[in-house]
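Each reported figure results from applying straightforward, stated rules to the coordinates on display, with no laboratory input. Please read these numbers as outputs of a predicted model, since none were measured by experiment. Don't worry about glycine lacking a Cβ; one is built from the backbone with ideal geometry, like all the others, and counts go over all protein chains shown.
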């Protein structure tokens, strides 16, 4: 079994923000696979699908970004998932808007949601898909930037990246993280 967890914040206020690209990716997969992500368990919303012979759980933690690890950690422990079968999708201000970076494992960097996940799991030995949202303009507060509602070209760029992230998550389940990194880490 795989778990694909998209990090974000619950509620309509945050739905179309840079910080919610993880949720957007889960929504894209849910739509593609025709599976609702509406089951409440372990402080998150989940939905389960089959991808070939693999069972795949889609997860949107409902703990707010900075506490994402509470949900992800509980699910990993409850379902006894090997960490290489956990895929976490989240925003990254250190990547240009629309760029993806897929890694087999790593640290949390400066991302508070990932810090929570890594702390909850006792390490970062799991695949992750980072979606570039770009750095905030100098005059902006970081929180204001990542929580700004998307529009115009920024929204188009981010939505295209979300579709690529969904494709990458599906590819990791089907073909493994190494092949996915070789195909998708082109920038």
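Miscellaneous remarks
- FRET efficiency estimate (nearest 0.05) - Cβ-Cβ, residue 139 to residue 80, R0 45 angstrom: 0.40
- Nearest-0.05 FRET efficiency for residue 148 and residue 15, computed from C-beta distance (R0 22 Å): 0.95
- Relative contact order (%) - the chain, alpha-carbon pairs under 8 angstrom, separation at least six: 26 percent
- Whole-Å distance, taken between Cα centres, linking the stretch 77-105 and the stretch 35-68: 14 Å
- Residues 4, 81 arranged by fewest to most Cβ contacts within 10 Å: 81, 4
- Label-point separation, residue 53 to residue 159 (7 Å along Cα→Cβ), nm: 3.8 nm
- Working ranking of peptides 131-137, 172-178 by packing, defined as the average number of other Cβ atoms within 10 Å per residue, highest first, is 131-137, 172-178.
- Helix 112-121 axis, angle to the chain major axis (alpha carbon atoms, nearest 10°): 20 degrees
- When 24, 65 are sorted by how many other C-beta atoms sit within 10 angstrom of their C-beta, beginning with the fewest, the order is 65, 24.
- The fewest-to-most ranking of 27, 84 by surrounding Cβ atoms within 10 Å reads 84, 27.
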